[in-house]
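In what follows, a structure is listed as structure tokens, so that the remarks can point back to it.
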Amino acid sequence: MTAVSQVWADGEALPRLAVDPARLRPETNTQLLDLGGGAWCLNHALRQQQLYGGQVLRETYRDLRDGMTPADQDLARVLVEQGFAAAPGEAPERFHRELMRAEDAKQDVQPSFTLLRILLTDVCNLSCSYCKVIPNVLAPQAEPTDADRLAEVIAFFFTHSDVSRPKIIHITGGEPTLFFHQVQHIVEVAEHAARPGENFWFVIGTNATLIRQRQAAFLAEHDVKCIVSMDGPQHIHDALRRNHGGRGSWRMVDAGVRRLKEAGAEVSLSMVLGQHNLDQAEETITWFLETYQPTGLGVNFMKPPTPDQKDYQHLVDPDRYADRMYAIHQAFRDRGLFLELVYRKLQPFVEQRYRFHDCGAAGGTNLNVDAKGNVGPCKSFLVMDRLAMQALDIDAYRSTVVTKWRKRSPIYYTHCEGCAARGMCGNGCAYDAMVHSGDEMAIDLRSCQYTQRFNQLFVEDLFNQVRPAGPVPATWWHLPSRAERGRLLGAVSARPRTLSYSIGHQTLD
């Protein structure tokens, strides 16, 4: 599964289309989508703009495409005002070029970190079959990250970040609670190093099996948000999340979660959606909410554990994943349930803004440090000793990552031309692209597939919010309002300093 694509060097390399001095023309990156039943959606993939209508919309778009004067002048005027059509004398690709120029200019911008992920250790007391960290570590070591190195990296993180911008110190591994004294050290060092007004908070990713009252009390006292890995009730969780002796881990995880809750710590649950739990996802989430009352839920798309396991048996079809995830979102959005992966796709769609990158590594905002003390932009690459640096040098970080990976944005790829989801995609994960094609700069095709399906579901959901009752009249057309678009999110919002917030996907966009 490989996507070979030409990548435009910059905004000036984008081909210039002929300008018509006398007629309107559709802007590039617009598509007319057939919704069935005589209903259509005119979609601008980069502007994240949609306009719905009956036969009149279809005819008006075709007139513009064919160089004819549309009969419905009011509709034609709205198409120009909303950027679906280029006015006479304007270049049809102008908005696309504007986005590219804006992104080109960021190569000279200093990185501003919003996430420090500390891979505290290479070891774990569990042996989950789909783990993407432990099997990829080329030279694992038994000791955690050196205390002095942690202090250096934390200081570097704060130095190259904005005081007021929300940012996270995420402690993970391996299993970080194996070395709880180092967890305490990180918290104490960061609290001491923080500048006045520093807008940051701690998150720990843990399997919770080693949490006792003492650890729970410390985490609650220092407001360390706890993300606990759990795939469902015991019969689901224990299928793939076992210890080194092959025994299920659910009972210990459940006990750890309850100790954290009793101590007053904020807890979120993180499940990996695979073949072992996809069909029970809604029931599992309902059970999570009733049993643990978590702040948020991570419902993660399972990825190949290692580069040679691209056909790993528990991977799920991207379309099925998107369908299940959005059905869950629709069922729980009025209750404010924050599903991070849905939110980071849906938010730019609702707010009508182009999402340059799906990952903070490409966006120049992620800093990772591993157990060896190496730093780099991407956790998955760092554990394989790729894009790993010893020196804490912001210029080296920018030249290694920002300059190259910023070109992973879909605005640069010819492969993405004509895609209705181009504006919300961000080209997924460089690790997945490397696994499936051998090239980190290739298209992440599995993310591409589920993002296209998400876009289709969003377009259909928005249509159902605004459509007239009964059959769609041939002359009807409607531009959704901000309030109508907001209904897709319901009561869901990202809330800094809580676990209803994206970790690792905030960028400089």
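The values are calculated or read from the model by the stated rules, or taken from the named source; none is laboratory data. Just so it is clear, the structure is predicted and the values come from calculations on it, not from any experiment. With ideal geometry, Cβ positions are generated from the backbone for all residues, glycine too; neighbour counts draw on all protein chains shown. All accessible areas refer to the heavy atoms of the entire protein, side chains included, with ligands and DNA or RNA removed. Shrake-Rupley method; radii C 1.70, N 1.55, O 1.52, S 1.80 Å.
Values computed for the structure shown
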| quantity | calculated |
| --- | --- |
| Ordering of 163-174, 140-151 by packing [mean C-beta count within 10 Å, highest first] | 163-174, 140-151 |
| Per-residue SASA entry for Lys379, accessible area with 1.4 Å probe, Å² rounded to 10 | 60 |
| 1.4 Å probe accessible area per residue over the range 242-369, in Å² | 37 |
| Estimated vicinal HN-Hα couplings, Hz - the range 142-154 in sequence order (Karplus 6.51, -1.76, 1.60; Gly, Pro = x) | 7, 8, x, 4, 4, 4, 5, 5, 4, 5, 4, 5, 4 |
| Accessible-area composition of the chain, carbon plus sulfur, in percent [1.4 Å probe] | 49 |
| Within the chain, helix-based [θ] at 222 nm, where runs of 4 or more DSSP H residues each add -39,500 (n - 2.57), nearest 500 | -10000 deg cm²/dmol |
| Within the chain, percent of DSSP bridges classed antiparallel, to nearest 5 | 45 |
| In the range 377-461, GluC sites (Glu not before Pro) in a DSSP loop with at most 16 other beta-carbon atoms within 10 Å | Glu417 |
| Per-residue ³J(HN,Hα) for the range 435-452, Karplus 6.51 cos²θ - 1.76 cosθ + 1.60, θ = phi - 60°, Hz, x for Gly and Pro | 4, 8, 10, x, 9, 5, 8, 6, 6, 7, 5, 6, 5, 4, 5, 6, 5, 4 |
| If the convex hull is drawn through the Cα atoms of the range 387-428, its volume per residue in Å³ | 79 |
| For the range 47-130: accessible area per residue (Å², 1.4 Å) | 37 |
